[in-house]
């Protein structure tokens, strides 16, 4: 497991549930922009702002390995897949120390909790704004 994947698991442990794949993409992008973490994930502008194919593939792999769960939430005209750490995922991070310091993880988790409490549109707007600052195409 690489450093970025480990950090995804640790953030999910702090957050409990992320409301959808799009929200997860934006949270990771914003944390990358503000803290310089998630170096393994390259982002480009996609349908709803910054998107990382590498992050999407890691999330699929983590789900297939049973380390995260995706819970389908039927909405009016689509299904949102909420993401949470599984029991196996909790055991996995308990066995490893992680690369981020505890205080840095707490700062990132605090930002992630704030973002996760916002509407998706607000988080997308924040991600677009940061992408523009960073010169992301």
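Values in this text are rule-based calculations from the coordinates and carry no lab data. Not measured: the values here are computed from a predicted model. When we count neighbours, we look across all protein chains shown, and the Cβ atoms used for this are built from the backbone with ideal geometry, even at glycine.
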Take peptides 78-88, 13-23 and line them up by average Cβ neighbours within 10 Å, highest first, as a rough protection proxy. 13-23, 78-88
Please state the relative contact order of the stretch 61-137 as a whole percent: Cα pairs under 8 Å, 6+ residues apart? 18
Using Cα pairs closer than 8 Å and at least 6 residues apart in sequence, work out the relative contact order for the chain, in percent. 35
Label the chain by shape, choosing from rounded, prolate and oblate, from the square roots a ≥ b ≥ c of the eigenvalues of the Cα gyration tensor; if a/c is under 1.5 it is rounded, and otherwise prolate applies when a/b is larger than b/c, oblate when it is not. oblate
Three-way shape label, the stretch 1-48, alpha-carbon gyration tensor, a/c 1.5: oblate
Is the shape of the stretch 37-102 rounded, prolate or oblate, going by the alpha carbon gyration tensor and its root eigenvalues a ≥ b ≥ c, with a/c under 1.5 for rounded and a/b larger than b/c for prolate? oblate
